[in-house]
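Shown next, in structure tokens, is the structure this report addresses.
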Amino acid sequence: MSAKMIITALVFGLIVATMIVGACAISNDVTERFINIGIFCAAIASGAIVGTALAPFDKREEEKFGNYSKAIGLFASGYIASKANKIIDKLFDPATYVDISQLTSFRLIAAIAVALAASKLTFAFRSYGYRSR
């Protein structure tokens, strides 16, 4: 394994460890801590799926992932188009942001950070680390 791969894995580990420490520090409630960690696990799984789709091993996987991506994209775009008016109204309503708690903000930001890191890690390992020969 190359030094780049090791560094990528260490950065991912550092991000996840930081988020877990933050999850424990932001709340004294054990239930909320477990919810935070559950959200991180879901974000890691989502990021790994995205990373896998972005770096197929062979043509067969590339075709499969292409079909899956098209189907998901079609569903998401149709759903977003049907909800666009409500989403835009909510995004530009100042009352939307007043009610967001510190815990909710942390969960959202941490989930995005962990998902992106997992996606990068999966992409890097599939693209540069362990390619089938």
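The values are calculated or read from the model by the stated rules, or taken from the named source; none is laboratory data. All values derive from a computational prediction rather than experimental measurement. So basically every Cβ, Gly included, is an ideal-geometry build from the backbone, and we count neighbours across all protein chains shown. Note: accessible area is taken over every heavy atom of the protein model, side chains too, but ligands, DNA and RNA are not part of it. Shrake-Rupley method; radii C 1.70, N 1.55, O 1.52, S 1.80 Å.
Here are the numbers for the structure shown:
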{"quantity": "Members of the stretch 57-70 found to be open to solvent by 60 Å² or more (accessible area, probe 1.4 Å), in a helix (DSSP H, G or I) and of a type outside the set (Phe, Trp, Tyr), listed by number", "calculated": "Lys59, Arg60, Glu62, Glu63, Lys64, Asn67, Ser69, Lys70"}
{"quantity": "Close pairs from the stretch 103-131: first more than 19 Å from Ile6 (Cβ to Cβ), partner loosely packed, with under 14 Cβ neighbours inside 10 Å, Cβ under 8 Å, at least 6 apart", "calculated": "Ala111/Ala42"}
{"quantity": "Odd one out for Met1 among (1) under 22 Å from Gly129 (Cα atoms); (2) assigned to a helix (DSSP H, G or I); (3) at pLDDT below 90; (4) not polar (S, T, N, Q)", "calculated": "(2)"}
{"quantity": "Residue within the stretch 35-43 that is of a type in the set (Gly, Ala, Ser), surrounded by fewer than 15 Cβ atoms within 10 Å (Cβ to Cβ), assigned to a helix (DSSP H, G or I) and modelled with pLDDT under 85 present", "calculated": "no"}
{"quantity": "Tally, over the stretch 13-34, of residues that are part of a helix (DSSP H, G or I) and either free of Cβ contacts under 8 Å to residues at least 40 places away in the same chain or farther than 25 Å from Gln102 by Cβ (or both)", "calculated": "12"}
{"quantity": "Positions within the stretch 22-34 being within 13 Å of Ala113 (Cβ to Cβ) and either of a type in the set (A, V, I, L, M) or open to solvent by 50 Å² or more (accessible area, probe 1.4 Å) (or both), in sequence order", "calculated": "Ala23"}
{"quantity": "Some residue of the stretch 82-91 being open to solvent by 90 Å² or more (accessible area, probe 1.4 Å), modelled with pLDDT of 80 or more and either within 14 Å of Ala110 (Cβ to Cβ) or touching a Ser or Thr at 6+ places or on another chain (Cβ under 7 Å) (or both)", "calculated": "no"}
